[in-house]
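Peer 1: Just dropping this structure here.
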Amino acid sequence: MKHTCLTLVLAAAFLAAPAFAQTGEKLDRGAVALRQNDGAVYVGWRLLESDPAGVAFHVYRQTGKADAERLTADPVHDSTNFVDAKTPKEGDLRYFVRAVAGKDEGPPSPAVAPADSPLGSSYLSIKLQGNYVAQKVAVADLDGDGRYELVIKQPDFNTDPYSAPGYWKKSEDTYKLEAYTLDGKLLWRHDMGWSIEEGIWYSPYIAYDLDGDGKAEVYCKGGEGDPRDPDGRVSTGPEWLLKIDGVTGKVVRKIPWISRDGLGDYNYFCRNQMCIAYLDGKHPYLVLERGTYKKIKLEAYDGQLNLVWKWDSGDEKEKYDSQGSHTLHAADVNGDGCDELVVGSCVVDHNGKGLWTLGIGHPDACYVGKIDPALPGLQIFYGIEPKQKSGAVRLVAAATGKTLWANEEPTTHVHSQGMCGRILAEYPGQQCYAGEKDGSQYWLYSAQGKRIGSESIGGLATWDLWWDDDDLKEVILKDKITKFKGAALQSVAHHHCAVADVLGDWREELIACAPGELRIYTTMIPAKTRRPCLMQDRLYRNAVAIQSMGYNAPPQHSQPYTWSAP
C-alpha cells in the first residue's frame, strides 16, 4: 500500500514521515485552557492531518462581551500551544485559535474558558452523580460537533469468572453507563441490569461511529431481566449486542450475542470482548469475541450490524484454541490496508480466516505497534502466561508471527500487561517490559532484543504517555507522572481509566477517577514541537476504542515518532 507524506515539525524545521492510515473521524481544534500557578493561562490545540504543511496559528482572547483580542503578533508555527502571560485579573475569559495559511486566516475554533479547577491544577474536572468511582471510560464524539465526550462505566467493582478463591464474587449492584460532555454535563445513563455481572469479562462496551452518520454510538453486551442463579451467577437467559444512541442513550437496536454453545463451562463462556476494525480498509466494523483460554469465537458486523463473517478457533487446522489475550487488537499487520484481528498469540485475517498462530498459549501482555523503527511493518510484544522453557517474553513480526527475539529463561507465569514504550533515549525504538506474577523475574528489553534491565520498574502494569516536550514517554508510578528514573512531573488521582490524545496538542491525556469526580489530566508544559493529533492514526484510535473493555493498556501508534531518527 502506498502512503502519501505529511509534515511534522520539530522547532522551526519540518521533518517528513509516512502518512498513517486514517479513521475519517472529524475533529475540531480540541482547544483547552488552564491556569498556571502564576495565573498565566496555557492554551493548547490540535494540529490536524488535513492541515497544510506550513500552517500556523493566531491565538485570540475574548474578555466578557468585548471584541476578541489577538495575542500573537506573528502566528505560532513551531508548536500548537501558547501561554497568555498577561491575563486580565477580572472578567470572563475565552480563547480560540485561527489557522493561517499564507496570508489568510481560517475560521475561529470553538472558544473555551480556562478549566474550572484549582490554580495550577493540570486537569479538567467532571463531577459525577454520586460518590462512586468509574471503572472504565470510552472516548467518542457522541453529537458530531468534533469535540469528544466520555462514556463511563460505574461502579468500580470487578469479579472474574475463574473459580479459584478470591476471583469470583457475587455482584453487589448493576453497572451503569453514563455519558458526559467535557464541560461536565450528564447526557444520559443506561443501566446494564442484573443480566450483566459486575466484571469486565461480562460487560464489554465500545463507543464509535460505526454507522457513518458522524455521531458515535455505544455498543454493549446486554441481557434481559434477572437471570441470576441462586448463587448470583448468570449462566442462562438471552444475550444481546445493544446499540445505544449516543445523543439520547436509548437502545435503538439489538441483535443476538455470540452463543455460549461449545465454549465450555462458566469460566470460559463468560469471557467477552469487542473491538473496532477497518476490515476493508475504508469502513469501521464491529468485531465480537467470546472465549480466551479454550475455544474462541469471533463475529464481524458492518455499520448496519449485518453479519459479515464468523470465525471459530476449532475450525483451524493449527492450534488457535487457547491463544486469546485479555484484549482484542485490530491492526493492519501485513500492510494490505485492511485491519486484521490480533486475538492474542494468533492473528485472524480481515476476511475471517486464520493468518498465523504461535500455538504457545494465552499472553497476558500483548502490544501491537511500531516497536522497532528499523524493521518493516508492525511488531507485537508478548508476555506469555503459561509455563514456558523459554520464549515467554518475545517480540514477533506482526505480519508473520516470526520471532525476532525472545528470553532464554524458563518462566512460570508472566503476568499482567507489562509495558511497551520509548522511555530510554540511548536505545532506538521502544523498550519492552514484563515480569513474573510472583516477582521472581523481570525483563526490560530494547526493541532489538538486548536485555537492559532485570528489576521491577513499578509493578507489572506500568502505564506510559507523552507528557513533556521530548520524544520519550513518561511513566505513571505511585500516582505520579514521572520521567523514567527521574523527576516527578505531575501528581494524579489513584484510579487510572484511560490514556488518549483527547484534547490540546499531541501530548496525551490521562483520564483518572477520584470518588465522585472524573479528571482529565493534560499537560501545561509549553512545547516547541508539534505533531498531528494522535487520534487520527487508525492503529492508535482502534486501541483507544478498546480501553473501555478488557485489560487496559496505553495505545500504540503506527509511526515511530522518534525525533532523533534520520
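Peer 1: Do we have residue 552 as open to solvent by less than 10 Å² (accessible area, probe 1.4 Å) and either at pLDDT below 95 or out of contact with any helix residue (DSSP H, G or I) (no Cβ under 9 Å at 6 or more places or on another chain) (or both) here? I'd like the intermediate steps shown before the answer.
Peer 2: Working: open to solvent by less than 10 Å² (accessible area, probe 1.4 Å): no; either at pLDDT below 95 or out of contact with any helix residue (DSSP H, G or I) (no Cβ under 9 Å at 6 or more places or on another chain) (or both): yes.
When the stated conditions are applied, residue 552 does not pass them.
Peer 1: Does any residue in region 436-464 that is under 16 Å from residue 426 (Cβ atoms) come within less than 9 Å, Cβ to Cβ, of a residue that is among the polar types (S, T, N, Q) and open to solvent by 30 Å² or more (accessible area, probe 1.4 Å) six or more places away or on a different chain, and which pairs are these?
Peer 2: 444/454
Peer 1: Evaluate the following for residue 482: is it open to solvent by less than 40 Å² (accessible area, probe 1.4 Å) and without any contact (Cβ under 8 Å) to a residue 12 or more places away in the chain? Show your work before the answer.
Peer 2: Values: open to solvent by less than 40 Å² (accessible area, probe 1.4 Å): yes; without any contact (Cβ under 8 Å) to a residue 12 or more places away in the chain: yes.
Yes: the conditions hold for residue 482.
Peer 1: A follow-up question, please. Give region 60-76 a look and list any residue that's within 25 Å of residue 532 (Cβ to Cβ) and surrounded by 15 or more Cβ atoms within 10 Å (Cβ to Cβ), or say none.
Peer 2: Passing the criteria: 60, 71, 72, 75, 76.
Peer 1: Quick one: how many residues across region 75-122 are closer than 17 Å to residue 527 by Cα and either touching a strand residue (DSSP E or B) at 6+ places or on another chain (Cβ under 7 Å) or of a type in the set (D, E, K, R) (or both)?
Peer 2: Step one: of region 75-122, the residues closer than 17 Å to residue 527 by Cα are 75-85, 97, 122.
Filter again for either touching a strand residue (DSSP E or B) at 6+ places or on another chain (Cβ under 7 Å) or of a type in the set (D, E, K, R) (or both), leaving 75-84, 97, 122.
Count: 12.
Peer 1: Among the residues of region 247-276 satisfying the criterion of being among the aliphatic types (A, V, I, L, M) and open to solvent by 20 Å² or more (accessible area, probe 1.4 Å), which is nearest to residue 237 (Cα to Cα)?
Peer 2: Residues of region 247-276 that are among the aliphatic types (A, V, I, L, M), as a first pass: 247, 251-252, 255, 258, 263, 274, 276.
Pick out the ones that are also open to solvent by 20 Å² or more (accessible area, probe 1.4 Å) and you get 247, 251-252.
Numbers: 247: 29, 251: 19, 252: 21 Å.
Residue satisfying both the conditions and the ranking: 251.
Peer 1: Taking the condition open to solvent by 10 Å² or more (accessible area, probe 1.4 Å) and closer than 17 Å to residue 253 by Cα, does residue 213 pass?
Peer 2: Values: open to solvent by 10 Å² or more (accessible area, probe 1.4 Å): yes; closer than 17 Å to residue 253 by Cα: yes.
Here the answer is yes, as residue 213 does meet what is asked.
Peer 1: Any residue that is surrounded by 13 or more Cβ atoms within 10 Å (Cβ to Cβ) and part of a loop (DSSP other than H, G, I, E, B) - is there at least one of those in region 96-107? Reasoning before the result, please.
Peer 2: First pass over region 96-107, keeping only residues surrounded by 13 or more Cβ atoms within 10 Å (Cβ to Cβ): 96-101, 105-106.
Restricting the remaining residues to those that are part of a loop (DSSP other than H, G, I, E, B) gives none.
No, there is no match, as no residue in region 96-107 is surrounded by 13 or more Cβ atoms within 10 Å (Cβ to Cβ) and part of a loop (DSSP other than H, G, I, E, B).
Peer 1: Among the candidates 27, 48, 34, which residue alone is more than 27 Å from residue 542 (Cβ to Cβ) and modelled with pLDDT of 95 or more?
Peer 2: Details: 27 fails: more than 27 Å from residue 542 (Cβ to Cβ); 48 fails: more than 27 Å from residue 542 (Cβ to Cβ).
Answer to the check: 34.
Peer 1: Now, a different point. Residue 97: touching a residue at least 40 places away in the same chain (Cβ under 8 Å) and under 25 Å from residue 468 (Cβ atoms), yes or no? Full working, then the answer.
Peer 2: Numbers: touching a residue at least 40 places away in the same chain (Cβ under 8 Å): yes; under 25 Å from residue 468 (Cβ atoms): yes.
Considered against the rule, which asks whether it is touching a residue at least 40 places away in the same chain (Cβ under 8 Å) and under 25 Å from residue 468 (Cβ atoms), residue 97 comes out as yes.
Peer 1: Keeping to region 517-526, report how many residues are buried (at least 19 other Cβ atoms within 10 Å of the Cβ) and in contact with a strand residue (DSSP E or B) (Cβ under 7 Å, 6 or more places away or on another chain).
Peer 2: Step one: filter region 517-526 for residues buried (at least 19 other Cβ atoms within 10 Å of the Cβ), giving 518-524.
Next, only the ones that are in contact with a strand residue (DSSP E or B) (Cβ under 7 Å, 6 or more places away or on another chain) stay: 518-522, 524.
Looking only at that region, the number is 6.
Peer 1: Any residue in region 425-436 that is over 20 Å from residue 35 (Cβ atoms), of a type in the set (Phe, Trp, Tyr) and open to solvent by 40 Å² or more (accessible area, probe 1.4 Å)?
Peer 2: Residues of region 425-436 over 20 Å from residue 35 (Cβ atoms): 425-436.
Subset that is of a type in the set (Phe, Trp, Tyr): 427, 433.
Filter once more, so that each one left must be open to solvent by 40 Å² or more (accessible area, probe 1.4 Å): 427.
Taking every residue of region 425-436 in turn, at least one turns out to be over 20 Å from residue 35 (Cβ atoms), of a type in the set (Phe, Trp, Tyr) and open to solvent by 40 Å² or more (accessible area, probe 1.4 Å).
Peer 1: Give me the residue from region 155-172 that is surrounded by 14 or more Cβ atoms within 10 Å (Cβ to Cβ), of a type outside the set (Val, Ile, Thr) and within 15 Å of residue 270 (Cα to Cα) and, out of that set, nearest to the chain's Cα centre (by Cα).
Peer 2: Taking region 155-172 and keeping what is surrounded by 14 or more Cβ atoms within 10 Å (Cβ to Cβ), we get 155-162, 168-169, 171.
Those left that are additionally of a type outside the set (Val, Ile, Thr): 155-158, 160-162, 168-169, 171.
Within this subset, residues satisfying the condition of being within 15 Å of residue 270 (Cα to Cα) are 158, 160-162, 168-169, 171.
Working: 158: 20, 160: 22, 161: 25, 162: 26, 168: 27, 169: 28, 171: 27 Å.
Among those residues, the one meeting the criterion is 158.
Peer 1: Okay, next question. Which ones in region 479-538 are more than 13 Å from residue 465 (Cα to Cα), assigned to a loop (DSSP other than H, G, I, E, B) and under 17 Å from the mean Cα position of the chain (by Cα)?
Peer 2: Those that are more than 13 Å from residue 465 (Cα to Cα), assigned to a loop (DSSP other than H, G, I, E, B) and under 17 Å from the mean Cα position of the chain (by Cα): 503, 504, 505, 533, 537.
Peer 1: Might you let me know whether region 277-294 holds any residue that is in a strand (DSSP E or B), open to solvent by less than 30 Å² (accessible area, probe 1.4 Å) and hydroxyl-bearing (Ser, Thr, Tyr)? Talk me through it step by step, then tell me what you get.
Peer 2: First, the residues of region 277-294 that are in a strand (DSSP E or B): 277, 285-290.
Then drop every residue that is not open to solvent by less than 30 Å² (accessible area, probe 1.4 Å), which leaves 277, 286-290.
From the residues that got through so far, the ones that are hydroxyl-bearing (Ser, Thr, Tyr) too are none.
No, region 277-294 contains no residue that is in a strand (DSSP E or B), open to solvent by less than 30 Å² (accessible area, probe 1.4 Å) and hydroxyl-bearing (Ser, Thr, Tyr).
Peer 1: State all residues of region 389-428 that are out of contact with any Gly (no Cβ under 8 Å at 6 or more places or on another chain) and not in a loop (DSSP other than H, G, I, E, B); if no residue qualifies, say none.
Peer 2: 394, 396, 411, 419, 421
Peer 1: Only one residue in 242, 186 is in contact with a Cys (Cβ under 6 Å, 6 or more places away or on another chain) and open to solvent by 10 Å² or more (accessible area, probe 1.4 Å), so which one is that? It would help to see each step written out before you state the result.
Peer 2: Working: 186 fails: in contact with a Cys (Cβ under 6 Å, 6 or more places away or on another chain).
242 is the lone residue from the list that is in contact with a Cys (Cβ under 6 Å, 6 or more places away or on another chain) and open to solvent by 10 Å² or more (accessible area, probe 1.4 Å).
Peer 1: Confirm whether residue 435 is at pLDDT 95 or above and within 23 Å of residue 551 (Cβ to Cβ). Let's see the steps before the verdict.
Peer 2: Details: at pLDDT 95 or above: yes; within 23 Å of residue 551 (Cβ to Cβ): yes.
Yes, satisfied.
Peer 1: Among the residues of region 375-414, count how many are open to solvent by less than 20 Å² (accessible area, probe 1.4 Å) and of a type in the set (S, T, N, Q).
Peer 2: 3
Peer 1: From (1) touching a strand residue (DSSP E or B) at 6+ places or on another chain (Cβ under 9 Å); (2) open to solvent by less than 20 Å² (accessible area, probe 1.4 Å); (3) touching a residue at least 40 places away in the same chain (Cβ under 8 Å), pick out the condition that doesn't hold for residue 476.
Peer 2: For residue 476, the exception is condition (3).
Peer 1: Scanning for something over 20 Å from residue 395 (Cα atoms) and outside any strand (DSSP E or B), does region 362-372 turn up at least one residue?
Peer 2: Kept after step one, since they are over 20 Å from residue 395 (Cα atoms), are these residues of region 362-372: none.
Scanning region 362-372, I find no residue that is over 20 Å from residue 395 (Cα atoms) and outside any strand (DSSP E or B), so the answer is no.
Peer 1: Still on this structure, I have one more. Could you grab me the full set of residues in region 313-327 that are touching a residue at least 24 places away in the same chain (Cβ under 8 Å) and of a type in the set (D, E, K, R)?
Peer 2: 316, 318, 319, 321
Peer 1: Out of everything in region 335-359 that is over 17 Å from residue 402 (Cα atoms) and among the acidic types (Asp, Glu), what residue ends up being surrounded by the most Cβ atoms within 10 Å (Cβ to Cβ)?
Peer 2: So the first thing to find is which residues in region 335-359 are over 17 Å from residue 402 (Cα atoms), and the list is 336-339, 350-353.
When the remaining residues are screened for being among the acidic types (Asp, Glu), the result is 336, 339.
Numbers: 336: 13, 339: 27.
Per the criteria, the residue is 339.
Peer 1: Hey, residue 362 hits all of (1) more than 24 Å from residue 474 (Cα to Cα); (2) open to solvent by less than 10 Å² (accessible area, probe 1.4 Å); (3) out of contact with any Asp or Glu (no Cβ under 6 Å at 6 or more places or on another chain); (4) in contact (Cβ under 8 Å) with a residue 40 or more places away in the chain but one; which does it fall short on?
Peer 2: The one condition residue 362 does not meet is (3).
Peer 1: Then there is this: Quick test for you: out of 354, 335, pick the one residue that is farther than 23 Å from residue 161 by Cβ and within 22 Å of the chain's Cα centre (by Cα). Steps first, please.
Peer 2: Numbers: 354 fails: within 22 Å of the chain's Cα centre (by Cα).
Checking each option against the conditions leaves just 335.
Peer 1: Among the residues in region 342-358, are any in contact with a His (Cβ under 9 Å, 6 or more places away or on another chain), part of a loop (DSSP other than H, G, I, E, B) and either at pLDDT 95 or above or closer than 19 Å to residue 556 by Cα (or both)?
Peer 2: Yes, region 342-358 contains at least one residue that is in contact with a His (Cβ under 9 Å, 6 or more places away or on another chain), part of a loop (DSSP other than H, G, I, E, B) and either at pLDDT 95 or above or closer than 19 Å to residue 556 by Cα (or both).
Peer 1: Among the listed residues 40, 66, which satisfies the condition of being small (Gly, Ala, Ser), over 20 Å from residue 536 (Cα atoms) and modelled with pLDDT of 95 or more?
Peer 2: Values: 66 fails: modelled with pLDDT of 95 or more.
The unique qualifying residue is 40.
The values are calculated or read from the model by the stated rules, or taken from the named source; none is laboratory data. Only a predicted model underlies this, so the values are computations on that prediction, with no experimental measurement involved. Heads up, the Cβs are rebuilt from the backbone with ideal geometry, glycines too, and the neighbour counts pull from every protein chain shown. To get the accessible areas, we keep the full protein, side chains included, count just its heavy atoms, and leave off ligands, DNA and RNA. Shrake-Rupley method; radii C 1.70, N 1.55, O 1.52, S 1.80 Å.
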